[in-house]
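Visitor: Mind looking over this structure? Questions follow.
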Amino acid sequence: MDTISDTNKIDWVARARGLQDLIIDSANETEEQGKVTPAVMEALHDAELFRMALPRSIGGGEAEPLTLMKTIEAIAEADASTAWCVGQGTGCTWGSGYISHEVCNDIFGPRDAVLAWGPPAKAAAIPVDGGYKVTGEWRFGSGSRNATWLGGHSRVCDEGGNHLKDDDGKPRMRTMLFPKSSAEMIDVWQVMGLKGTGSDNYKVTDLFIPEEYTTWRDSQPDRVEKGPLYNIPLLTSYGIMFSGLTLGVARTMLEDFKKLAETKTGGGMKTVLRENAVIQSQVAINEAKLRSSRAFLIEMIEEYWEAQC
C-alpha cells in the first residue's frame, strides 16, 4: 500500500472498495452496536480513510473533491452508516485548514484520530484569559462513539449570556475543539435507520478551551492552508461527499432489487419479476436516472474544482 506521503499516487477509491466485503459482513453488527465495529474502524484507519482531506503539510491526503465523493460512494455501496461516519469525519477534518499545524498534530496525529461534531447549538463560549469557558449541549454527533475529539459550534457571549458581535456587527461564532474525554456523552440515538452512525448528544460545563483550539468554518482570518481544497466551504464539502453516499446507497438498492427479481414472483403472477414488462421498464428508467444523476454530479464537481484551482 502506498504511504500517506505519496498522496498523488494513492487510489483512495480502490482502498475503499478493498474494504467493501468486510464492511458488508459487519453491517448488521454496526447497526446493532450503534457504531462502526472495531474491526471496520481498524481497517479504515489502516487505509487512512479518515485522513483523505487533511493537508499534505501535516501528512494528510488533501484529495480532490471528486475523489472524496467517489470514495464515500464506494463505502456507501457496502453500508450507509459506515459511509456516513467516514463522510462526516472527513468533513470535520476541513477544520485542519484553519488551525495551526501544532494543534492539528495534537488532534489528528494519532493513527486512530477521528473528530466528530454536530450542528450549532445554544452553547455559550465566554471569552477568558487565553481562550474561552464554554457550556453547552450539542446534538447529532455522528461518529462520536468512535471519535477521539469533538467539536462544539458555539455562540461567543458575555457573562450575562448576550451574544457578542464582531467588528462588522455580525454575531461571533467559534468552534471549540476538545478531547472526547472532556465531554459527557448522552445516549439518545435510538432510531430505525442509520443507527450505526451513533449520532449522540454531548455536553460540557465551564470547560476551558485555549484560543488556539478554536476556529470557525470558512473563517479567512483563521486560515492556515492555502491549497484550493480549503477554498471549498465546509457545508459544500459535506454536500459533495453525501451526494456520493446517496449514489452508493441507490446503486446497492437497485442491484439488490435486480437479484430479487430473478427469483421472486408477485401480484398473483407465476412468472418471476424479471419477466414482467412493467418491472423491466421501471428498472431501465431508474437505471437511467441513477446513471444520469451520477454523470451530472461528476461533471459539476469537476467544473467546480477547476474554478477553485
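Each value in this text was obtained by applying a stated rule to the coordinates, not by laboratory testing. Computed from a predicted structure; not experimentally measured. Positions of Cβ are backbone-derived with ideal geometry, glycine not excepted, and every protein chain shown enters the neighbour counts.
Visitor: Specify which labelled value, from (i) 19.3; (ii) 20.8; (iii) 20.1, agrees with Kirkwood radius over Cα pairs in Å derived from the coordinates of the model shown.
Guide: Only one listed value fits the structure, namely (ii).
Visitor: Would you mind ranking Glu255, Glu225, Glu212 so that the residue whose beta carbon has the fewest other beta carbons within 10 Å leads the list?
Guide: Values: Glu255 11, Glu225 22, Glu212 14.
Neighbour counts put them in this order, fewest first: Glu255, Glu212, Glu225.
Visitor: Trypsin sites (Lys or Arg not before Pro) within segment 1-89: which are DSSP loop residues with at most 12 other Cβ atoms inside 10 Å?
Guide: Qualifying residues, ordered by number: Lys9.
Visitor: With contacts defined as alpha carbon pairs under 8 Å and 6 or more residues apart, what's the relative contact order of segment 115-222 in percent?
Guide: In percent, rounded to a whole number, it is 32.
Visitor: Let me ask something else about it. Tell me the relative contact order for the chain as a rounded percent, counting alpha carbon contacts under 8 Å between residues six or more apart. Numbers along the way, then the final one.
Guide: Values: 553 pairs, mean separation 61.8, N = 309.
Normalised by residue count, the contact order of the chain is 20 percent.
Visitor: Further question on the same structure: In nm, to one decimal, how far is the modelled label at Glu299 from the one at Arg139, with both set 7 Å along Cα→Cβ?
Guide: Label-label distance for Glu299 and Arg139, simple model: 3.9 nm.
Visitor: Something else about it: Quick one: length gained pulling Asn286 to Phe257 fully straight, 0.36 nm per residue minus the C-alpha distance?
Guide: Numbers: separation 29, 0.36 × 29 = 10.44 nm, distance 1.14 nm.
Between Asn286 and Phe257, full extension yields 9.3 nm more.
Visitor: Could you give the nm distance between label points at Thr236 and Ala14, where each point is 7 Å from its Cα heading toward the beta carbon?
Guide: Between Thr236 and Ala14, the simple spin-label model gives 3.0 nm.
Visitor: Kindly provide the helix-only [θ] at 222 nm of the chain, computed as the sum of -39,500 (n - 2.57) over DSSP H runs of four or more divided by all residues, to the nearest 500 deg cm²/dmol?
Guide: Rounded to the nearest 500, the figure is -13500 deg cm²/dmol.
Visitor: Roughly what would the spin-label model give for Asp21 and Lys226, points 7 Å off Cα along C-beta, in nm?
Guide: For the pair Asp21/Lys226, the computed spacing is 4.7 nm.
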